[in-house]
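To start, the structure under review is shown below, and the notes come after it.
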Amino acid sequence: MSTAFFTAALEWIEHHPILAISLWITAYIWFKVINYMVIAPYCSPMQDLPGPPKPGKFLDFQHINLIMNPNISHQKQQEMREEYGMNIRIQGFGYWDQRLLTFDTKAITYILSQATELYPKPWQTRRMLCRLLGDGVPFTEGDQHKRQRKVINPAFAPQALRNCYPIFHTKAAELRDRWTGLINSSQTDSTILDMHHWLTRASFDTFAAAGFGMKLDAIQNEDNELYLAYQKMFDVTLNKGLSMRGMLEILFPWLDWVCPDAAAKQIKKSKEIIKKAAEATVKTKRDAIVQAMNGDFDAEKSVHPRSQKDLLSLMIKSNLSESSKLSDTELISQIHSLLFVGSDNTALSICWTLYYLSLNPAIQTRLRDELLPHAPVNSSSTRDISQFPFLDAVVKESIRLTGPIHSTIRVASCDDTIPTEDGVGVKIHKGEFIHLPFEALSLAKETWGEDAWEYNPDRWSKLPEAAKRIPGIITGLATFSVGSHSCPGAQFAIMEAKTFIAELITSFEFLPAPEKKIFKNNIIMTRPFVSGEASKGPQLPMIVRPYTPSTATKA
């Protein structure tokens, strides 16, 4: 009977091949859907972990909002740890999407540092970021990331960073003078300036100069084509948040080609401008370096490569010495991605530092008192900016309270058991997501004390032992990550932030803008927004007035 059945089935398939293929494809899709939404979740080891009650809806972002909304996540995750422990099951975008949220430092170190290849960023995250910023080192994985990191690392070595410091100082002084001019032209003793707007311009200008030897003059005006290309691209994407269309484009990238909307057209136009500028920069610098290596450099036409100490020149020299070189496309991608990440990260760090100083006038005065006897800070050596312990503490405390990177997510590429502090371990299946909450590590009361949510730079003079065990390339700070995917420019960002803060705080006094409530929004990085004005994008308005001892606000 079975033989007859199969014979009949084969004859039917032979006579109806298209219908048979359609039925097979339909059955396969249904199998994948049932396996993904029913079988896999039911068999997941996540079921054995403690966690908050499941919302019980087909689609529900309740748990994601609790851990990703930077205005409430520190409090909610503190409550979760106290109730459920260090390794918690949470729900992702639907009842079938069970994820691991771990606060366990041993587990986090294992995922980010010891088993990096097993836990890449999810393809959804990489596709979204690469669509805007190219396949640069912050977003790549595997062998591609290893090759890029090997070429890039020399550009962020200590000596290379020391070469950048005069540029930091020059740009900070330029911003100071620009603000002074605006206040003078207002014919008042103070003015309200948007810190996010101005510091984004200044940091973009600074990274372009120090990183790639580009002269953009973004501090003076906003008509540079490259600067505008980035701003217009982000105005239609990041500054608006992730729309439903944006989510669909992650799943179906061909939408940009088949049915482009205004945002897709602007992204394409901006990327063409960025690519053109990056190609010209790479070609100019590489040609000069190669000519110098061959002994036929023409000093009348360009600057000798030995005197070019920007990060791109160092990257090109490193690339020429490697056997496994980066292609031009990859070098261009580094410019594209690092120009955004390098400038945005630092701009936000400075923004939040000035914000916290405006809320804490006594700390602002104390910092100014430390810096004023040495103002202006010498531009010739990093030693001068590193000699101020309270400045170091202020910047690190600001990054601790509001790090540019709120958290990160990884996906298991195979079944594994993640080691934990209690020695039990957490089992995880291939394809399951893990949330690594940098903010929670930085604000945990069991680590930092009962005042963990308060702004207290003095804690850095005697760091708690538990804080020293936080995974991070800078002691006590998780936001720059750890391992092969850690931020290569962490010291660059902190050095630049210190330089700008030192220049600005000795020149101006900062106060909160009246009737402007600031909240945080997690859009790739943690950005300031004004309550009731979210549609205007990131903003951080503050009162700025020239500092004189007679006008200083008293604590």
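The values are calculated or read from the model by the stated rules, or taken from the named source; none is laboratory data. Computed from a predicted structure; not experimentally measured. Cβ atoms come from the backbone with ideal geometry, glycine included; neighbour counts cover every protein chain shown. For accessibility, only protein heavy atoms count, side chains too; no ligands or nucleic acids. Shrake-Rupley method; radii C 1.70, N 1.55, O 1.52, S 1.80 Å.
Within the set 359, 338, the sole residue that is open to solvent by less than 20 Å² (accessible area, probe 1.4 Å), among the aliphatic types (A, V, I, L, M), in contact (Cβ under 8 Å) with a residue 12 or more places away in the chain and closer than 21 Å to residue 527 by Cα turns out to be 338. In the set (1) open to solvent by 30 Å² or more (accessible area, probe 1.4 Å); (2) part of a helix (DSSP H, G or I); (3) in contact with a strand residue (DSSP E or B) (Cβ under 8 Å, 6 or more places away or on another chain), the condition left unmet by residue 108 is number (1).
Residue pairs whose Cβ atoms lie under 9 Å apart, sitting 6 or more positions apart in sequence or on different chains, and linking a residue in the range 129-151 that is under 12 Å from residue 338 (Cα atoms) and of a type in the set (D, E, K, R) to a partner that is open to solvent by less than 40 Å² (accessible area, probe 1.4 Å) and assigned to a helix (DSSP H, G or I), are 135/148; 135/330; 135/333; 135/336; 135/337. Looking across the range 75-106, the residues that are more than 16 Å from residue 409 (Cβ to Cβ) and of a type in the set (S, T, N, Q) come down to 75, 78, 105.
Do you know which of the residues in the range 58-99 that are in contact (Cβ under 8 Å) with a residue 60 or more places away in the chain, outside any helix (DSSP H, G or I) and polar (S, T, N, Q) is most open to solvent (accessible area, probe 1.4 Å)? Filtering the range 58-99 for residues that are in contact (Cβ under 8 Å) with a residue 60 or more places away in the chain, outside any helix (DSSP H, G or I) and polar (S, T, N, Q), the one most open to solvent (accessible area, probe 1.4 Å) comes out as 71. Within the range 194-201, can one find any residue that is within 20 Å of the chain's Cα centre (by Cα), part of a helix (DSSP H, G or I) and either farther than 25 Å from residue 528 by Cα or modelled with pLDDT under 90 (or both)? So far as the range 194-201 goes, no, none of its residues is within 20 Å of the chain's Cα centre (by Cα), part of a helix (DSSP H, G or I) and either farther than 25 Å from residue 528 by Cα or modelled with pLDDT under 90 (or both). Collect the residues in the range 160-171 that are out of contact with any Lys or Arg (no Cβ under 9 Å at 6 or more places or on another chain) and open to solvent by less than 20 Å² (accessible area, probe 1.4 Å), keeping them in residue-number order. Residues satisfying the conditions are 161, 165. Against the criterion of being among the aromatic types (Phe, Trp, Tyr) and within 26 Å of residue 74 (Cβ to Cβ), residue 492 does not qualify. All of 177, 189, 135 fail the test of being under 30 Å from residue 502 (Cβ atoms) and outside any helix (DSSP H, G or I), apart from 189.
Conditions (1) crowded, with 20+ Cβ neighbours inside 10 Å; (2) at positive phi; (3) out of contact with any helix residue (DSSP H, G or I) (no Cβ under 9 Å at 6 or more places or on another chain), marked per residue:
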{"site": "101", "(1), (2), (3)": "yes, no, no"}
{"site": "120", "(1), (2), (3)": "no, no, no"}
{"site": "141", "(1), (2), (3)": "no, no, no"}
{"site": "151", "(1), (2), (3)": "yes, no, no"}
{"site": "158", "(1), (2), (3)": "no, no, no"}
{"site": "183", "(1), (2), (3)": "no, no, yes"}
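The criterion of at least 1 residues that are closer than 30 Å to residue 159 by Cα is met by the following strands (runs of 3 or more DSSP E) wholly inside the range 438-555: 525-530. Scanning the range 448-483 for residues that are farther than 21 Å from residue 354 by Cα and basic (Lys, Arg) yields 462, 468, 469. Scanning the range 401-421 for residues that are part of a loop (DSSP other than H, G, I, E, B) and in contact (Cβ under 8 Å) with a residue 40 or more places away in the chain yields 402, 403, 404, 405, 406, 407, 412, 413, 414, 419, 420, 421.
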